[in-house]
Amino acid sequence: MKASLAALVGLAVFSMATVSPAAESLPKIKVLIVTGDDVGVHPWHEVSQTIRETLLAAGKFDVRVSEDPGIFESATALKAYDVVFLHFYNATLPTLSAAGKQNLLEYVKGGKGLCISHLTSASFKEWGEFHQLCGRYWVMGQSGHGPRSVFKASVADKDHPITKGLSDFETDDELYAKLQGDAPIHVLVTAASDWSKATEPLAFTVDYGKGRVFSETFGHDGKAATTPNVMKLIQRGTEWAATGKVE
């Protein structure tokens, strides 16, 4: 199973790895992926590495991975990156310290980027301002999904830099539903949930101070994260969060 999954990831990344000489000559966008904890059914190590390979395949990113959320304790360390990509739910690890929370907020407010992936929005449940960062967030006992299945994801905004030219697509994944929150969000991708009987936002953006947040709920495991249009969303969403545009 591990061998076949590795082959699948490699094939998907290879199929998207054509990079123009212009992209190769531009300064790399510096990405920090923060991971290292999640619920047991989520193979966080597998998915975070898939995200890393997906970003590297675009040829635009310099990617580092930290499995210690304690990195938020250092505002200086954060400033070295253009965008933080959170693939993390603190199922067993403690929440961030007051300093760590403040550093992350100031990082985004000051004009940097943040990406939120899958169950990340359930993190730090006591931290109300993190909910504002996420725009929509998972609440245990309220949010949920039906059985994993193949479903159709629809592009809601075909003109946004992240989704421009992207077509509706099918993916084999969990369809997150009943995310909570009322902060203004810009919806990019939706799907009709049999579980909630509603159309749910699955990818969207949030403005926060001078910064930008891109959130996507895809990627239950490595297979789900290698759906071609999900990979494109990850690449484009990360670039947009970092720079405000997609080249």
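The values are calculated or read from the model by the stated rules, or taken from the named source; none is laboratory data. Predicted model only: the values in this text are computed from it and were never measured. We place every Cβ from the backbone using ideal geometry, glycine too, and count neighbours over all the protein chains shown.
Mind listing whichever residues of segment 18-37 are modelled with pLDDT under 95 and either under 17 Å from H118 (Cα atoms) or of a type in the set (A, V, I, L, M) (or both)?
Residues satisfying the conditions are V19, A22, A23, L26.
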(request) Answer yes if at least one residue in segment 27-46 is crowded, with 19+ Cβ neighbours inside 10 Å, β-branched (V, I, T), touching a strand residue (DSSP E or B) at 6+ places or on another chain (Cβ under 8 Å) and not in a strand (DSSP E or B), and no otherwise. (result) yes
(request) Those residues that are of a type outside the set (G, A, S), within 18 Å of the chain's Cα centre (by Cα) and in a strand (DSSP E or B), I need them from segment 146-164; list them, please. (result) V155
(request) Enumerate the pairs (first residue in segment 222-233 and in contact (Cβ under 8 Å) with a residue 24 or more places away in the chain and more than 12 Å from F169 (Cα to Cα); second residue anywhere and assigned to a helix (DSSP H, G or I) and of a type in the set (D, E)) with beta-carbon separation below 6 Å, excluding pairs fewer than 6 apart on the same chain, so at least 6 apart or on different chains. (result) G222/E46
(message) Show the residue pairs meeting these rules: Cβ distance below 8 Å; 6+ apart or different chains; first residue within segment 38-60 and in contact (Cβ under 8 Å) with a residue 60 or more places away in the chain and within 15 Å of I116 (Cβ to Cβ); second residue acidic (D, E) and in a loop (DSSP other than H, G, I, E, B).
(response) H42/D221; V47/D221
(message) I'd like the residue in segment 179-199 that is among the hydrophobic types (A, V, I, L, M, F, W, C) and farther than 20 Å from G128 by Cα and, out of all such residues, is surrounded by the fewest Cβ atoms within 10 Å (Cβ to Cβ).
(response) A198
(request) Check I116 against each of (1) within 16 Å of A77 (Cβ to Cβ); (2) in contact (Cβ under 8 Å) with a residue 40 or more places away in the chain and name the one condition it does not meet. (result) (1)
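What tally of residues in segment 76-92 results from selecting those that are over 18 Å from I116 (Cα atoms) and either surrounded by 15 or more Cβ atoms within 10 Å (Cβ to Cβ) or in contact with a Lys or Arg (Cβ under 9 Å, 6 or more places away or on another chain) (or both)? Write out each step before concluding.
Here is the first cut: in segment 76-92, the ones over 18 Å from I116 (Cα atoms) are 76-77, 79-80, 92.
Filter once more, keeping what is either surrounded by 15 or more Cβ atoms within 10 Å (Cβ to Cβ) or in contact with a Lys or Arg (Cβ under 9 Å, 6 or more places away or on another chain) (or both): 79-80.
Residues that pass the stated criteria total 2.
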(message) Quick check on my filter: what residues within segment 131-140 are surrounded by 17 or more Cβ atoms within 10 Å (Cβ to Cβ) and in a loop (DSSP other than H, G, I, E, B)?
(response) G135, R136, W138
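Of everything in segment 108-130, what is in a helix (DSSP H, G or I) and not aromatic (F, W, Y)? Give them in sequence order. I'd like the intermediate steps shown before the answer.
Initially, segment 108-130 is screened for residues in a helix (DSSP H, G or I), giving 108-109, 118-122, 128-130.
Passing the criteria: V108, K109, H118, L119, T120, S121, A122, G128, E129.
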(message) Out of everything in segment 205-222 that is among the small types (G, A, S) and part of a loop (DSSP other than H, G, I, E, B), what residue ends up being farthest from S154 (Cα to Cα)?
(response) G209
(message) Is it the case, given these coordinates, that L202 is in a strand (DSSP E or B) and surrounded by 17 or more Cβ atoms within 10 Å (Cβ to Cβ)?
(response) yes
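From S143, S167, which residue is surrounded by 17 or more Cβ atoms within 10 Å (Cβ to Cβ) and more than 15 Å from the chain's Cα centre (by Cα)?
Working: S167 fails: surrounded by 17 or more Cβ atoms within 10 Å (Cβ to Cβ).
Going through S143, S167 in turn, the sole match is S143.
Does at least one position in segment 148-156 carry a residue that is buried (at least 23 other Cβ atoms within 10 Å of the Cβ), among the aliphatic types (A, V, I, L, M), out of contact with any Cys (no Cβ under 9 Å at 6 or more places or on another chain) and farther than 19 Å from W240 by Cβ?
Residues of segment 148-156 that are buried (at least 23 other Cβ atoms within 10 Å of the Cβ), as a first pass: 153.
From the residues that got through so far, the ones that are among the aliphatic types (A, V, I, L, M) too are 153.
Adding the requirement that they be out of contact with any Cys (no Cβ under 9 Å at 6 or more places or on another chain) leaves 153.
Now restrict to residues that are farther than 19 Å from W240 by Cβ: none.
No: zero hits.
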